[in-house]
Every structure is written in C-alpha cells, then in structure tokens.
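Reviewing the structure listed below.
The values are calculated or read from the model by the stated rules, or taken from the named source; none is laboratory data. Remember, it's a predicted structure, so these values are computed and weren't measured experimentally. Positions of Cβ are generated from backbone atoms using ideal geometry, with glycine treated the same way; all protein chains shown enter the neighbour counts. Quick note on the areas: whole protein, heavy atoms, side chains included, nothing else; ligands and nucleic acids left out. Shrake-Rupley method; radii C 1.70, N 1.55, O 1.52, S 1.80 Å.
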Amino acid sequence: MIELTPENYYSLETDWEYMSFSQFKNFKECEAKELARLKGEWEPAKKKSTGADPLILGNYVHSYFESIVAHEAFVEANKKELISSRGATKGKLKSSYQLAEEMIKTLDNDKLFDFIYTPGKKEVIVTGQINDHAWKGKIDSLVLAKGYFCDLKTVDDIHKKHWDPANRIWTNFIEDRGYIMQAAIYQELIKQTFGKQCQPYLFAVSKQTPPDKGAFDFEDTDTQYLMKEALEEIKEKQDRFWQVMNGEVEPKHCGKCEYCRSMKELAAFQHVTDIEVD
Ligand SMILES: [Zn+2]
C-alpha cells in the first residue's frame with residue numbers, strides 16, 4: 001500500500017488503492033464515468049462560466065481556516081483565476097471572488113465557529129478498513145481530545161430544497177450531497193486510526209449576499225439511523241465497485257451523465273413510456 005501524504009492524497013494512484021467518500025459516490029452515480037476518470041481517460045469539463053469556479057471558491061474559504069501558509073500557497077497557485085490583472089482592481093481579488101472574503105468574515109467573526117472549528121487539527125488524513133477494503137478520508141478539523149470532528153461546506157443556499165428521486169421526497173443539502181454518509185465514514189476511519197469514537201459536526205456557509213451560515217450536529221436518532229444505514233450501503237455495494245476497478249465486471253453506464261452523453265450511440269428504439277424522469 002502507498003502511504004498517504006498531503007501531496008498524493010487526491011492522486012489517481014492512491015484512488016486505485018483506497019476507496020473514498022467521493023469515489024464511492026461517483027461510482028453510485030455512474031460506474032462507467034468513474035472508471036474512465038480513474039483510468040485517466042476522462043475528466044469533467046471545466047465550467048465555462050464567467051463567475052467564480054465553485055471548487056476554487058470553496059478551497060479559498062477552506063484554506064483560510066486551515067492556516068495562513070496554506071491560504072497564501074493556495075492563492076499563489078491559483079493566482080491567474082483569483083487575482084485581477086488589469087483595470088482598477090489590478091493586483092486585487094477579482095470581483096467574482098470577493099464573495100469568498102465575505103464568507104470568510106462571517107465565520108471568522110462567529111464565536112461558536114471560533115470555539116469549535118478553529119482549535120482543531122486541520123486536514124488530518126485517516127485510513128481504515130470497511131469489510132475487506134481500504135478507505136481513506138481527510139478531516140477538515142479534528143479535536144481528538146474533546147472527541148469531535150468538523151467539516152466545513154460551502155453551499156448555494158442552506159435552505160434550498162433538493163429532490164430525492166429514489167424516495168420521492170424533498171431533502172436538504174446535507175442529505176442531497178451524501179454528507180451523512182461522509183460523516184459515518186469519517187467517524188469510522190477516525191476510530192480505526194486513533195481508537196476514539198468522535199462526534200461529527202458540520203459548518204456551512206452560503207454563497208448569498210450577505211452569506212448565511214449554519215452549525216449542524218448528527219445526534220438525533222433519525223440521523224444516527226441514517227449513518228448506520230449509510231455504512232450498510234457501503235458494505236453492500238463496494239465489492240462490485242472494486243470488481244469494476246479490477247476489470248472483473250463491466251461498468252454500468254447510467255446513460256444520462258456528461259460522460260455517457262459524450263459516448264452515446266443510438267442502438268435501438270425505446271418506448272415513450274420507458275423514459276426515466278427525475
Ligand atoms: Zn453515466
């Protein structure tokens with residue numbers, strides 16, 4: 001096994017040895033797309049919007065609360081995207097990213113956030129086994145001595161509703177993005193790495209003006225149940241995903257995602273009544 005470091009954590013090389021929350025989630029969405037990504041044959045298209053790139057915006061906020069050094073390194077590495085090269089704002093943060101500064105401020109000035117999130121050890125890599133398979137995780141902020149860990153998420157709108165086609169109900173962003181599963185995985189990996197059961201917390205900050213914020217726990221019985229269920233789901237589905245990775249079974253194409261659309265060839269007619277809708 002390759003030892004995980006901050007440098008190789010997000011590499012394809014380590015993705016072939018350790019399953020992660022995002023990889024599992026990707027496989028659930030579309031096996032063909034995720035296999036192509038792992039093989040380096042395909043990557044998601046860069047969004048052609050004029051506004052802020054959501055990933056860069058998120059990492060800008062994230063790295064600020066990691067450390068000054070991490071934040072400066074991130075800004076330096078993404079200078080072209082972040083810093084204006086002409087006009088009145090030359091040398092300053094582009095207007096599309098000034099929202100990130102507001103998002104930072106709203107958390108920076110918050111007493112609960114400062115008390116709970118700030119003292120933790122940042123970007124802690126954890127590993128472990130779920131049944132027969134190796135897993136990796138990276139904890140945003142871990143306070144082992146007090147038995148909790150935090151995740152920091154940026155979100156469009158904390159109160160936006162999301163359609164869950166499987167259960168045919170509206171859900172919130174935490175359920176929609178699978179963060180309950182992520183919390184369950186991280187709790188398990190922390191336990192295996194440090195021998196301690198820790199409680200998850202999630203801080204969210206929105207991209208609205210002014211930004212909204214929220215602090216969430218996972219302590220109610222319903223959420224506890226959903227966390228258990230999420231680990232069961234992993235145990236049930238992960239064997240197949242490894243078989244796909246090892247070439248033992250053919251990946252399923254979801255037929256709808258950007259990868260499948262780009263590979264699509266019409267082979268036969270489908271009945272009108274068989275079109276899947278969300
Ligand atoms: Zn697909």
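Tabulated values for the structure
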quantity	calculated
In the stretch 1-20, residue surrounded by the most Cβ atoms within 10 Å (Cβ to Cβ) [restricted to those that are outside any loop (DSSP other than H, G, I, E, B) and not hydrophobic (A, V, I, L, M, F, W, C)]	Asp15
Residue list for the stretch 21-35, restricted to those being open to solvent by less than 10 Å² (accessible area, probe 1.4 Å) and more than 13 Å from the ligand (Cβ to nearest atom)	Gln23, Phe24
Within the stretch 231-256, tally of residues that are of a type in the set (A, V, I, L, M, F, W, C), part of a loop (DSSP other than H, G, I, E, B) and under 12 Å from Lys28 (Cα atoms)	1
Residue list for the stretch 101-131, restricted to those being on the phi < 0 side of the Ramachandran plot, among the charged types (D, E, K, R) and touching a residue at least 60 places away in the same chain (Cβ under 8 Å)	Glu102, Asp110
Qualifying positions in the stretch 237-278 - in contact with a helix residue (DSSP H, G or I) (Cβ under 6 Å, 6 or more places away or on another chain) and charged (D, E, K, R)	Lys252
Ala184 being touching a residue at least 24 places away in the same chain (Cβ under 8 Å) and either surrounded by 13 or more Cβ atoms within 10 Å (Cβ to Cβ) or small (Gly, Ala, Ser) (or both)	yes
Cross-chain or 6+ apart pairs with Cβ under 9 Å, the stretch 248-269 first and open to solvent by 70 Å² or more (accessible area, probe 1.4 Å), then among the small types (Gly, Ala, Ser) and near the ligand (Cβ under 8 Å from one of its atoms)	Glu250/Ala32; Lys252/Ala32; His253/Ala32; Arg261/Gly255; Met263/Ala32; Lys264/Gly255
Boolean, Asp53 is touching an Asp or Glu at 6+ places or on another chain (Cβ under 6 Å), in contact (Cβ under 8 Å) with a residue 12 or more places away in the chain and within 30 Å of Val244 (Cβ to Cβ)	no
Within the stretch 40-85, considering residues that are more than 22 Å from the chain's Cα centre (by Cα) and of a type in the set (Ser, Thr, Tyr), the one least open to solvent (accessible area, probe 1.4 Å)	Ser84
Filter result for Ala88 (more than 18 Å from Lys122 (Cα to Cα) and over 20 Å from the mean Cα position of the chain (by Cα))	yes
Residue tally, condition assigned to a helix (DSSP H, G or I) and either more than 12 Å from the ligand (Cβ to nearest atom) or not aliphatic (A, V, I, L, M) (or both), over the stretch 257-277	8
Selected residue (only one of Lys237, Lys228 is open to solvent by 100 Å² or more (accessible area, probe 1.4 Å), within 21 Å of the chain's Cα centre (by Cα) and away from the ligand (no atom under 16 Å from the Cβ))	Lys228
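Yes or no, residue by residue, for (1) over 30 Å from Lys196 (Cα atoms); (2) outside any helix (DSSP H, G or I); (3) not β-branched (Val, Ile, Thr):
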residue	(1), (2), (3)
Phe27	no, no, yes
Glu34	yes, no, yes
Gly58	no, no, yes
Ser63	no, no, yes
Val69	no, no, no
Lys80	yes, no, yes
Gln98	yes, no, yes
Gly128	no, yes, yes
Lys138	no, yes, yes
